[in-house]
Amino acid sequence: MLLEAIGIKLFIKERQLLDIARIQIHKGDRIGLIGKNGTGKTTLLDILAGKRTVDEGTVLQHATCELLPQLKRSDTTKSGGEVTQEFIIEALTQNPEILLADEPTTHLDTDHIEWLEKKLANWQGAILLVSHDRTFLDALCTSIWELDNGHVKEYKGNYSAYLEQKDREIRSHEAAYEKYVKTKKQLEEAIVMKEKKAARVTKAPKKGIEVKISKPHYAKKQKKLQTVAKSIETRLEKLDKVEKIKESPAIQMELPNEDAFTGRTILRAHNVTGGFGKRVLWGKASFEVRGGDKLAIIGANGSGKTTLLKKIINQDPSITLSPAVKYGYFSQTIDLLDLEKTILENVQASSNHTETLIRIVLARLHFFREDVYKEVKVLSGGERVKVALAKLFVGDMNTLILDEPTNFLDIEAVEALESLLTDYKGTIIFVSHDRRFIEKIATRILTIEKEELQIFEGSYGEYKNYEPRSRSDEEDNLLVLETKITEVLSRLSIEPTEELEQEFQRLLAVKRKWMK
């Protein structure tokens, strides 16, 4: 055992942030720490690293420990990715027995995230990391700690294994709820039945000696029935209540000009170039986007992804948009929100949809009931991102242009956004380094690499597994054969002869043999 925390309690003003009975880190552990924004993940790392004291409890370190904090770009001469890489290399150079890493993929592009994956996979120490990158968690973790309501619950396996276990928990809960409803109904029906029987027992004969004989008998029987009914009521009161799991209602949305753009070319780029000053981001390139496409733009930091998005929204001369397109743009500045207005007011301001549908969308993003009346100025960064995305989603538009929409979102919020975008009937053009998000959403991939812009027809998984085939000798021979056939056919059409006809038939026979 390398580290142990016992009886950890931490209060922020009146709120208890952490209430952890016992957690341990052992040699070789690869632990992913997950939870909603604001649950205390960063605080817990600080406590385990000895950087923060607790109100109650003890942290026992039996090994060297290095904290890789959540980084913000502070050096304007270097990119965020370069700063992150330097911190990672410096932390690993210390060769600690435990590495506590808080969002280590921040600012890294896909290539550098994969570089970090390999680096940590080959590293010998124990790791406890906070990350919202699910592919990263899958690649590295052998257990998951879920931080919820101050408590830590451990799940064996990587993030995908965690999801499977959570799914089993949900199914178990659903079964418990069905059993609870059935038992409750049976008990309620039994009470009604006993009460009816007790009421009937009081109707004894009204005349003669039978009254004297039957009255005590019926009274005794009635009391017994009432006792049984009371016993059943007690069982009903003591029945452990099981709440029904909330189901997300389906979202049925009508998009503006839906018939005019679905499946049709809505954006055409012809010889579009990217660059500034003397720097070339990409050379001349042409591509089209169809209505309903979900196009992911991927590439290294600084390759020109955001530049391309801005060329689209600014309608660069080399880019033509269909009149049917009505787009909304999400950027990291989140400047489309009025901080003084409520969540609901912000989202309603640009929407033609009903309040019911807007509330359904907000609930999908985990803004429930009275939450929608909170003013935006009191929200966290991640919550503001969700409001901005909801505002776009229900706005009067049919095309969403999104620049890194998953930044600042916790895993639960990312998965909620995925659910919304997967069901969205409009067009989505987005930039992201979140590989799982791209895999879930994208139907086409646009890459910017080595100063070239190229389109791949297919999902991200297909793109990653694609291996361009080099032309074989057989394909070269077939190409030569096609050329000969074309040449002979051309001569036959001008001056037909028996010899040419025989040669033509022979070449066709060879082609048929090769094509089998």
Quiz item: In the stretch 255-276, is there at least one residue being in contact (Cβ under 8 Å) with a residue 24 or more places away in the chain, small (Gly, Ala, Ser), open to solvent by less than 80 Å² (accessible area, probe 1.4 Å) and part of a loop (DSSP other than H, G, I, E, B)?
Solution: yes
Quiz item: Which condition does Asp240 not pass, out of (1) modelled with pLDDT under 80; (2) surrounded by 13 or more Cβ atoms within 10 Å (Cβ to Cβ); (3) not in a helix (DSSP H, G or I), if it passes all the others?
Solution: (2)
Practice problem: Kindly indicate which of Val378, Val325 is open to solvent by less than 30 Å² (accessible area, probe 1.4 Å), on the phi < 0 side of the Ramachandran plot and among the β-branched types (Val, Ile, Thr). | Solution: Val325
Self-check item: strands (runs of 3 or more DSSP E) fully within the stretch 124-183 counting 2 or more residues that are more than 22 Å from Ala413 (Cβ to Cβ)
Solution: 126-130, 151-156
Self-check item: Of the criteria (1) open to solvent by 10 Å² or more (accessible area, probe 1.4 Å); (2) under 14 Å from Gly35 (Cα atoms); (3) of a type outside the set (Asp, Glu); (4) in a helix (DSSP H, G or I), which one Phe87 fails
Solution: (2)
Exercise. Have a look at Gly28, Gly38, Gly57, Gly32 and point out the one that is under 29 Å from the mean Cα position of the chain (by Cα) and surrounded by 16 or more Cβ atoms within 10 Å (Cβ to Cβ).
Key: Gly32
Exercise. Specify the residue that is surrounded by the fewest Cβ atoms within 10 Å (Cβ to Cβ); the eligible residues are those in the stretch 389-446 that are closer than 17 Å to Leu362 by Cβ and among the aromatic types (Phe, Trp, Tyr).
Key: Tyr424
Quiz item: Give me the pairs: first residue in the stretch 143-162 and touching a residue at least 24 places away in the same chain (Cβ under 8 Å) and at positive phi, second residue assigned to a strand (DSSP E or B) and surrounded by fewer than 20 Cβ atoms within 10 Å (Cβ to Cβ), beta-carbon distance under 6 Å, and six or more apart or on different chains, which are they?
Solution: Gly150/Gln16; Gly150/Asp19
Quiz item: modelled with pLDDT of 90 or more, out of contact with any helix residue (DSSP H, G or I) (no Cβ under 9 Å at 6 or more places or on another chain) and outside any helix (DSSP H, G or I) - does that describe any residue in the stretch 471-478?
Solution: no
Self-check item: Pair list, Cβ < 6 Å and 6+ apart or interchain, from the stretch 362-374 residues that are within 12 Å of Arg384 (Cα to Cα) to residues that are assigned to a helix (DSSP H, G or I) and among the basic types (Lys, Arg)
Solution: Leu365/Lys386
Quiz item: How many residues does the stretch 379-397 contain that are at pLDDT 90 or above and touching a Gly at 6+ places or on another chain (Cβ under 9 Å)?
Solution: 1
Exercise. Taking Leu140 as meeting all but one of (1) under 26 Å from Arg22 (Cβ atoms); (2) more than 19 Å from the chain's Cα centre (by Cα); (3) touching a residue at least 60 places away in the same chain (Cβ under 8 Å), write down the number of the exception.
Key: (2)
Exercise. Working carefully through the options Leu295, Leu321, Leu336, Leu344, find the one that is closer than 22 Å to Val394 by Cβ and modelled with pLDDT under 90.
Key: Leu336
Quiz item: What pairs come up if the first residue lies in the stretch 166-189 and is more than 22 Å from Glu237 (Cβ to Cβ), the second is modelled with pLDDT of 85 or more and not in a helix (DSSP H, G or I), and their beta carbons are under 9 Å apart, counting only those six or more places apart or on different chains?
Solution: Lys166/Glu146; Lys166/Tyr155
Exercise. Restrict the check to the stretch 59-69 and report whether at least one residue is closer than 26 Å to Asn301 by Cα, in contact (Cβ under 8 Å) with a residue 40 or more places away in the chain and among the small types (Gly, Ala, Ser).
Key: no
Self-check item: Top-ranked residue of the stretch 332-375 - restricted to ones that are part of a helix (DSSP H, G or I) and open to solvent by 60 Å² or more (accessible area, probe 1.4 Å), ranked as nearest to Thr307 (Cα to Cα)
Solution: Gln348
Quiz item: Does at least one position in the stretch 295-309 carry a residue that is of a type in the set (A, V, I, L, M, F, W, C), over 11 Å from Ile401 (Cβ atoms) and either over 25 Å from the mean Cα position of the chain (by Cα) or assigned to a strand (DSSP E or B) (or both)?
Solution: yes
Quiz item: Taking the stretch 285-327, which residues are within 18 Å of Lys450 (Cα to Cα) and among the hydroxyl-bearing types (Ser, Thr, Tyr)?
Solution: Ser286, Ser303, Thr306, Thr307
Quiz item: Quick one: would you say Ile47 is among the hydrophobic types (A, V, I, L, M, F, W, C) and more than 28 Å from the chain's Cα centre (by Cα)?
Solution: yes
Quiz prompt | Lys118, sole failed condition from (1) closer than 29 Å to Leu163 by Cα; (2) in contact with a Ser or Thr (Cβ under 9 Å, 6 or more places away or on another chain); (3) open to solvent by 10 Å² or more (accessible area, probe 1.4 Å) | solution = (2)
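The values are calculated or read from the model by the stated rules, or taken from the named source; none is laboratory data. Remember, it's a predicted structure, so these values are computed and weren't measured experimentally. Cβ sites come from the backbone with ideal geometry, for glycine too, and all protein chains shown count toward neighbours. SASA here: full protein model, heavy atoms, side chains in, ligands and nucleic acids out. Shrake-Rupley method; radii C 1.70, N 1.55, O 1.52, S 1.80 Å.
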